[in-house]
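As structure tokens, the structure follows; a few thoughts come after it.
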Amino acid sequence: MTLPHPASDLRTSGSLVRRLTFRLLLSAAFLALVLFLVVLIFVRDISQRTHDSILFASATSIMDSLRVQAGEITLDIPYAALSMLGNVSDDRVFYSVRNNGRILTGYEDLPAPAQRPISGSPVYSTVGYRGTSLRVVTLARRLSLDSGPADIEITVAQTREGQTAELARLTRWALMLGGGFFLVSALIGIWAAQSSVQPLHALTGVVSRRGPKDLRPVRHAVPSEMAPLVHSLNRFIERLRVSLARSEDFIAEAAHRVRTPLATVRAQAEITLRRVDKTENRASLREMIRAIDESSRAAGQLLDHAMVTFRTDSLERKPVDLDVLARDLVDRLRPVADLKDIDLQFFCAGVSAIPGDAILIQNAVRNILDNAIKYAPSETSVLIDVRQGPLDVIISVTDEAGGFPPGQDTAALTQRFVRGSNAAGTIGSGLGLTIAREVAEAHGGRLIIEPSGAGAGACVSLSFPLR
Ligand SMILES: Nc1ncnc2c1ncn2[C@@H]1O[C@H](COP(=O)(O)OP(=O)(O)O)[C@@H](O)[C@H]1O
Ligand SMILES: [Mg+2]
């Protein structure tokens, strides 16, 4: 029985990894944007403050150079007052000094601040002037002259090209920082998304590596979120196991119930056969006995198969000496072989014990030996050979003539109830090779079907791993 590939006809709705990755990338992008904006605002503010404080220092040093001599205001602008601005950038500097709104020195058209500054605290503004943008600071101070109070207003301004260039640099820097942050958190996000579905992959691996008969509950440790899934999987497996066991029990019981009355019927038919003289009656009685044999053979095989299925479910592994087991079987089947004048030859070259279930292995070997005796022609030899390979012990049963029908798909013969074209006229149920294969596979070994060395007969082998 081949199971359909699970992924082929399963409907999927999206992907957990993709969904998770998408969300993590989205939040990384959002955080990167926030980081970019915060850094940008912060550095712009710091840069503005730095520029403003130089402007302020410059205006203050001009203010400090104000003198009142003989009731007149004199002003000697120190060189450093303006050169300190030039040190920062190549921007042009403008200034004006006004007394009660009247220009004392400097640029007359330099715009005055919108609101009058209070004495001592500077007013900053950004204004357009002669086609460019200026950063302006204005300081005010009231002097008492003999002629009355003089409101002095000092304005220092600087073009903003240098500052703009610096801001562009800072923006680029903040952009790079935000981009770098996004990149790193995106990588972490992708990694996190991949690794969070890792337990799912692990569980899939554990379940799909199981043999087809393995119905033990899943004991693999999983994250708590996956526990309900594993729990229901286990409940499902348990239900399956129980219902399988029930049907195997049923088959065994049914086979058993059929076999016993069949034996009675057969005995009666034999007795009648001895009493009857008419040829056609004897022929039909023989036909009847044959049919009864066929049915009880089938019932026996069904029983064996149910037993094999049941025992492989919980395979016991005790050391089994295959040479002893095979020799014993050969001795038991010798009378059957003698009826066909088949010579059973046993060869064994000292083999190690293998771990396994002796009853199952005996059943398997008996089936292939039985086949050889059944399908090989009379007056031939059948060789039973037990030998040890590097990893396994191999029992092969080889006959000299007969062989599998030419063109026969031998793999198909190991399926339940499949018989070859050479089986016509022999009693059988098509379960022998199935049992042999299932037993070998339950032990981790295999059933090998080949033509015999001479080419005329069949060679059927069972291999059982040494550990
Ligand atoms: N030693 C053999 N030589 C020739 N044919 C064989 C041999 N063993 C098995 N076969 C073929 O394989 C088929 C399946 O074997 P098996 O499963 O034992 O069923 P059964 O013996 O009941 O027919 C047989 O019907 C027969 O055609
Ligand atoms: Mg058979």
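The values are calculated or read from the model by the stated rules, or taken from the named source; none is laboratory data. Because the structure is a prediction, the values reported are computed rather than measured. Glycine gets a Cβ as well: all are built from the backbone with ideal geometry, and neighbour counts include every protein chain shown. Note: accessible area is taken over every heavy atom of the protein model, side chains too, but ligands, DNA and RNA are not part of it. Shrake-Rupley method; radii C 1.70, N 1.55, O 1.52, S 1.80 Å.
What to note about this one:
- For the range 159-193, filtered to residues that are open to solvent by 10 Å² or more (accessible area, probe 1.4 Å) and of a type in the set (S, T, N, Q), the residue that is nearest to Thr60 (Cα to Cα) is Thr164.
- Pick from the range 361-387, criterion away from ligand 2 (no atom under 16 Å from the Cβ) and either within 44 Å of the chain's Cα centre (by Cα) or open to solvent by 50 Å² or more (accessible area, probe 1.4 Å) (or both), ranking: nearest to Gly420 (Cα to Cα): Pro377
- Residue pairs whose Cβ atoms lie under 7 Å apart, sitting 6 or more positions apart in sequence or on different chains, and linking a residue in the range 282-297 that is more than 14 Å from Gln268 (Cα to Cα) and open to solvent by 50 Å² or more (accessible area, probe 1.4 Å) to a partner that is among the β-branched types (Val, Ile, Thr) and outside any helix (DSSP H, G or I), are Glu294/Ile427; Arg297/Ile427.
- Only residues that are away from ligand 2 (no atom under 11 Å from the Cβ) and either over 47 Å from the mean Cα position of the chain (by Cα) or surrounded by 14 or more Cβ atoms within 10 Å (Cβ to Cβ) (or both) were counted in the range 419-433, giving 3.
- Test: residue in the range 407-424 that is touching a Lys or Arg at 6+ places or on another chain (Cβ under 7 Å) and within 9 Å of ligand 1 (Cβ to nearest atom): yes
- Considering residues of the range 388-410 that are within 16 Å of ligand 2 (Cβ to nearest atom) and open to solvent by 40 Å² or more (accessible area, probe 1.4 Å) only, the residue nearest to Gln345 (Cα to Cα): Gly402
- For the range 443-467, the tally of residues that are open to solvent by less than 50 Å² (accessible area, probe 1.4 Å) and under 15 Å from Val393 (Cα atoms) stands at 11.
- The single condition among (1) free of Cβ contacts under 8 Å to residues at least 40 places away in the same chain; (2) surrounded by 11 or more Cβ atoms within 10 Å (Cβ to Cβ); (3) hydroxyl-bearing (Ser, Thr, Tyr) that Ser196 does not meet is (1).
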